[in-house]
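Read through the structure below, which is laid out as structure tokens, and then see the notes.
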Amino acid sequence: MKYEAVIGLETHIEIRSKSKMFCSCANGSGAPPNTHVCPVCMGYPGVLPVPNRRAIMTTVRAGLLTECTIAKFSKFDRKSYFYPDMPKNYQISQYDLPFCEHGRIKLEGTGLSGAPLPDKYIGITRIHLEEDAAKLVHSAEGSGVDYNRAGVPLMEVVSEPDMRSADEAYAYLTSLKEIMRFGDVGDCDMEKGQMRCDVNISLRPVGQKEFGTKIELKNLNSFRAVHRAVDYEIWRQSELLDRGEKIRQETRGWNDDQGESYLMRTKEAAHDYRYFPDPDLMPVVFTDEEIEAVRAALPELPAAMRKRFQESYGVTAYDAGVLTADRELAAWFDASAKKAKTPKLVANWISSELLRLLGEDKISIRECRITPEGLAELTDVISSGVINGKIGKEVFAEMYATGKSAKTIIGEKGLAQVSDSGAISSVVAEAIANNPKQAEEYRAGNERVLQYLVGQVMKLSKGKANPQLVIAELKKQLQ
């Protein structure tokens, strides 16, 4: 390739908070339009904003989770622009003194295309806190503005231009979302607008140090859309450069249905927003003790958890990835694995059975009737030979439906595996007598027929016979 892509991302994340950033209005989606509003978030004259301390401390936590330096002195600024979604005609944001600076996120695994990712970190330029804008609503009847979202705490994570491909951009976003969800910063649901991303991308000839002209891509509503848009824009800019055309600095939208970008406007510069310190808000000052208290309470992050699961519980890298895709699921597995004799078996049951049922019922792990201790008990009775895997599925289904323990269900239904040698010997003898042709085939050297006879024994015992003892007894009686 003649050109190298230079990619940076600006990611907005709505902070999980009960109230808005500068007023006491509820922060929540799904309410009727313009019901979570007050004079402050509607920008009425004479009102005074009051900062949401929880949102500020959550931003500090996000910074520490991404290895940022936390500013001991920070402030809020006014970013001036006129648009229907901003009732005050300015946004309270941060300009030259953000809360967090100079962090990084490590790329892991493979990209969306399946290609391995380079071993590198993506730098974080800054993380600052601001208020969200309102939501423009368009329908056949016309357009309107829903101000419920106006003033919601919004954190912006600005990356360094360290990414070089669509795969790297996708992996960076995936890791950022994992970190923010595990850190209890926000839900990061792109479908609900809780996480929004803009891509800055330029091309330069391979080997050149200077950056090319930057294009900003907007209206990206999924990680896959980001991947597609980056690939498309690399192709589009390459075509322009090959024809000798000059690339203009632009803001472009992304049409995911058509798979192409389109011109929205020429890009504004920072001075167009006329930033100045908000006169209604005092500077924010942190002590070393306050910052260290936040650091001491940081959770274990997904990457570290995946490594620990593999080393401590013997799960595969794939299973570790599945188990850490959700913070609550990871904690649930961890609690179960600590109680189980065979943690790997716990992981297998979660991946193959539990997640399937939760998905079918569209419920979360916290709504599941099976407890972590309950699944550990089930895997223990299977690994110890009290029941086999087939009976285990029947017990598991009953546990999921009723919340009863494995031992209770086994006792009530008489499902314990038969390991008595005398009882198994008589069932094996009956199976051989009922299938003389297959017995002769085995004696003649066809060992594959043994599995058929095992099946007949299990049928006669209603699945309760210990399979290992059945095989041994069959071989003994057939000789």
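Could you list, in sequence order, the residues of the range 258-311 that are among the polar types (S, T, N, Q) and farther than 30 Å from GLN91 by Cβ?
Residues of the range 258-311 that are among the polar types (S, T, N, Q), as a first pass: 258, 261, 266, 287, 310.
If the condition is that a residue be among the polar types (S, T, N, Q) and farther than 30 Å from GLN91 by Cβ, then GLN258, GLN310 are the ones that fit.
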Sole exception among (1) buried (at least 22 other Cβ atoms within 10 Å of the Cβ); (2) part of a loop (DSSP other than H, G, I, E, B); (3) not aliphatic (A, V, I, L, M) for GLY103, by number: (2)
Every residue from the range 325-344 that is surrounded by fewer than 21 Cβ atoms within 10 Å (Cβ to Cβ) and of a type in the set (A, V, I, L, M): ALA325, LEU329, ALA331, ALA335
Some residue of the range 367-390 being part of a helix (DSSP H, G or I) and within 20 Å of the chain's Cα centre (by Cα): yes
Residue ID - farthest from ASN466 (Cα to Cα), chosen from residues in the range 392-422 that are at pLDDT below 90 and exposed (fewer than 15 other Cβ atoms within 10 Å of the Cβ): GLU412
Residue tally, condition among the acidic types (Asp, Glu) and either in contact (Cβ under 8 Å) with a residue 24 or more places away in the chain or crowded, with 19+ Cβ neighbours inside 10 Å (or both), over the range 112-131: 2
Single residue of ASP119, ASP96, ASP167 found to be assigned to a loop (DSSP other than H, G, I, E, B) and at pLDDT 95 or above: ASP96
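Output yes when any residue across the range 460-471 is aliphatic (A, V, I, L, M), at pLDDT 80 or above and assigned to a helix (DSSP H, G or I), and no when none is.
First, pick out the residues of the range 460-471 that are aliphatic (A, V, I, L, M): 460, 465, 469-471.
Adding the requirement that they be at pLDDT 80 or above leaves 460, 471.
Filter once more, so that each one left must be assigned to a helix (DSSP H, G or I): 460, 471.
Looking through the range 460-471, at least one residue is aliphatic (A, V, I, L, M), at pLDDT 80 or above and assigned to a helix (DSSP H, G or I).
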The range 31-49 - residue that is under 32 Å from the mean Cα position of the chain (by Cα) and surrounded by 14 or more Cβ atoms within 10 Å (Cβ to Cβ) and, of those, farthest from ASP280 (Cα to Cα): PRO33
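The values are calculated or read from the model by the stated rules, or taken from the named source; none is laboratory data. Keep in mind that this is a model prediction, so the values were computed, not measured. Positions of Cβ are backbone-derived with ideal geometry, glycine not excepted, and every protein chain shown enters the neighbour counts.
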